Amino acid sequence: RKTGPRRHFIRILASQLIMRERISTTDIRARELRPIVERLVTIAKRKKLTDLRLLLSRLPEKAAMKLYHELGPKYAERKGGYLRIVKESGFRKRDGARTATIEFV
């Protein structure tokens with residue numbers, strides 16, 4: 001994928017992960033998504049108005065609000081490692097890609 005559509009897709013995956021707190025996707029997508037969402041959680045922990053505005057510019061409104069008001073305070077004492085990637089034993093039927101579950105700790 002080109003850069004623009006790839007960024008848009010990652011943004012959608014990030015918002016779905018924040019809203020559901022666990023998603024199942026391919027292993028490669030999960031590994032690419034992890035540092036982005038962890039950076040967003042670190043921003044949400046700081047609890048400043050500029051951080052909320054930054055989250056709103058990067059995520060849809062519902063996901064940004066949930067991250068800022070619920071998940072940020074939940075991980076306030078934690079220094080990092082907010083996400084866990086668990087590799088699943090199966091492969092996707094369509095193309096045989098290895099699947100993984102990415103979830104909040």
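The values are calculated or read from the model by the stated rules, or taken from the named source; none is laboratory data. The structure presented is a predicted model; accordingly, all values stated were derived computationally and were not measured. Here the Cβ positions follow ideal geometry from the backbone for every residue, glycine too, while neighbour counts run over all protein chains shown. In case anyone asks, the SASA skips ligands and DNA or RNA and just uses the protein heavy atoms, side chains included. Shrake-Rupley method; radii C 1.70, N 1.55, O 1.52, S 1.80 Å.
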Q: Treat each spin label as a single point 7 Å out from the Cα along the C-beta direction, and report the R84 to L49 distance in nm.
A: 3.9 nm
Q: Using semi-axes √(5λ) of the Cα gyration tensor in Å as the read-out, say which of [x] 40, 15, 10; [y] 25, 16, 10; [z] 28, 21, 15 was calculated from these coordinates.
A: [y]
Q) Just going by the charge dipole of the chain, with Lys and Arg at +1 and Asp and Glu at -1 on Cβ, which of V41, T3, T99 is farthest out on the positive end? A) T3
Q. Under a plain spin-label model, where a point goes 7 Å from the Cα along Cα-to-Cβ, how far apart in nm are M65 and F91?
A. 4.4 nm
**Q.** Computed magnitude of the charge dipole of the range 24-66 (debye, nearest 20; Cβ of K, R +1, Cβ of D, E -1)
**A.** 220 debye
Q: Express the carbon and sulfur contribution to the solvent-accessible surface of the chain as a percent, rounded to the nearest whole number, probe 1.4 angstrom.
A: 51 percent
Q. Rounded, prolate or oblate: which fits the range 51-105, taking a ≥ b ≥ c as square roots of the Cα gyration tensor eigenvalues, rounded meaning a/c under 1.5, else prolate when a/b beats b/c?
A. oblate
**Q.** Loop-resident sites, the range 1-96, for GluC sites (Glu not before Pro), counting at most 14 other Cβ within 10 Å (DSSP)
**A.** E21, E77
Q: May I ask you to give the solvent-accessible area per residue for the range 15-105, in square angstrom, as obtained with a 1.4 angstrom probe?
A: 61 Å²
Q. Normalised by the residues of the chain, what does the relative contact order come to in percent, with Cα pairs under 8 Å and at least six apart?
A. 35 percent
Q) Charges only on Cβ, +1 for Lys and Arg, -1 for Asp and Glu: so what's the dipole of the range 1-52 about the Cα centre, in debye to the nearest 20? A) 160 debye
Q. Can you give the helix-only mean residue ellipticity at 222 nm for the chain, where every DSSP H stretch with n ≥ 4 adds -39500 (n - 2.57) and the sum goes over all residues, rounded to the nearest 500 deg cm²/dmol?
A. -16000 deg cm²/dmol
